[in-house]
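Below you'll find the structure, written out as structure tokens, and then a few comments.
The values are calculated or read from the model by the stated rules, or taken from the named source; none is laboratory data. Keep in mind the model is a prediction, meaning the values are calculated, not measured. Note: ideal-geometry Cβ built from the backbone for every residue, glycine included; neighbour counts use all protein chains shown. The protein model used for the area step is the full one, side chains on, heavy atoms only, and it has no ligands, DNA or RNA in it. Shrake-Rupley method; radii C 1.70, N 1.55, O 1.52, S 1.80 Å.
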Amino acid sequence: MPNLVDDRIEELLKEAEHRLRGSDAPALPSPVAQPIAVQPTTKKAAPREALSVRPAQSRPATNASKKDTAGPNWFGLPKTDLTPEFKRDWQLLRMRGLLDPKHQKKALRSAPPEYSQVGEVIAGPADYYSARLSRKDRKRTIFEEVAAAHDKEKLSGKYAGIQRNKTSGKKAFYQRLVSQRRKRQDGQGQLRRPRSLQALHLKPLKREAEFGIPSCDLQLRSFSTQPLEFFADFALRAAYYLGLPAYGPVPLPRITERWTVPRSHFIFKKSQENFERVTLRRLIQIKDGHPETVQLWLAYLRKHQYYGVGMKANVWEFTEAGVGRSMEVPEDQLGGLDSTWAQLGQTKSMGTADKVEELLNSRRFKEAAGLRQPLAPNK
């Protein structure tokens with residue numbers, strides 16, 4: 001390997017030092033080309049400083065935008081053709097965070113890539129039919145594929161919300177809002193429904209019990225849910241307007257009944273038919289209710305009873321302490337009750353001891369007991 005001349009090495013070092021300092025001193029004159037002596041290879045190596053310093057070489061400026069492909073390292077990827085279809089697909093890929101929450105923090109850049117290519121999935125001849133896309137699953141654009149893979153109701157709801165926000169500040173929306181307000185003020189708009197009709201669309205009102213003492217348990221039964229829920233709501237509203245604290249409706253366990261009826265007899269006995277009946281139940285409890293008010297509430301429900309709904313009520317009445325004393329019979333009326341109570345027993349009363357002795361000495365009793373021989377017939 002040829003070695004550099006010492007003078008040439010010194011000149012290169014000075015040029016590098018001058019270039020690093022950036023001084024305004026005039027540049028050194030270019031050295032005259034001198035022949036380099038070629039010496040045979042020896043064991044003496046060149047100095048490290050001489051090998052590490054090299055003159056700066058100017059590289060030719062390359063303009064990547066002028067290239068039609070990305071190069072052989074990228075398999076000749078062509079330059080992006082910004083067609084309207086490609087722009088729409090690129091915008092859909094950037095907005096994929098609205099469709100999939102996993103990609104909300106991974107939004108793509110706004111500018112499309114400089115080199116790209118759109119391909120088409122083609123089934124290979126070695127793929128089985130189950131691995132291929134059916135004609136129904138194939139879509140014409142990326143948007144149709146994304147819309148088919150996601151929930152349509154969610155997409156339509158998001159689109160409606162976006163359009164509502166966009167039109168909320170426009171002039172047409174403001175004018176329509178003002179016209180609606182004026183109609184309400186002038187009385188030309190839709191008439192307001194009475195409060196009683198508006199209350200039908202709300203939950204029934206209930207009163208709070210003060211002591212929590214049960215007065216009545218009303219059990220409603222039906223074979224279908226709709227009339228049962230309707231009449232339970234009607235019963236709760238009637239209890240509120242009568243001032244009764246009502247609780248419920250509480251769903252009770254269903255009653256399931258099944259029957260098996262043979263269609264024929266003898267050898268055709270196996271031909272049977274099964275029937276099933278399911279009874280639904282709801283419980284409404286009245287607490288701290290006056291007995292008369294509870295009876296009035298039950299009579300009102302019985303009068304306006306809904307078809308297909310049966311009722312069963314258990315009523316508790318509470319009176320003051322010591323009510324048993326008021327139920328005692330006076331002594332002057334006890335004598336007249338003895339004859340009445342005597343008829344309620346299984347046997348009649350025997351009376352006094354004289355009547356018992358007369359019964360024992362009677363001829364009929366002795367013959368029945370075998371104590372007296374019957375008389376012999378006359379010859």
Using the structure shown, list the pairs from Lys87/Lys139; Lys67/Lys139; Lys158/Lys203 with a Cα-Cα distance above 22 Å, or answer none.
Lys67/Lys139; Lys158/Lys203
Accessible area, 1.4 Å probe, largest first: how do Val329, Val178 sort?
Val329, Val178
Between Ile122 and Asn73, how high is the FRET efficiency from 1/(1 + (r/R0)^6) when r is the Cβ-Cβ distance and R₀ = 22 Å? Nearest 0.05.
0.30
The range 256-340, relative contact order [Cα under 8 Å, separation at least 6], %:
17
According to the square roots a ≥ b ≥ c of the eigenvalues of the Cα gyration tensor, what is the shape class of the range 188-296, taking rounded for a/c under 1.5, prolate for a/b larger than b/c otherwise, and oblate for the remainder?
oblate
Spin-label model distance (nm) - Arg263 vs Arg193, 7 Å beyond Cα toward Cβ
5.0
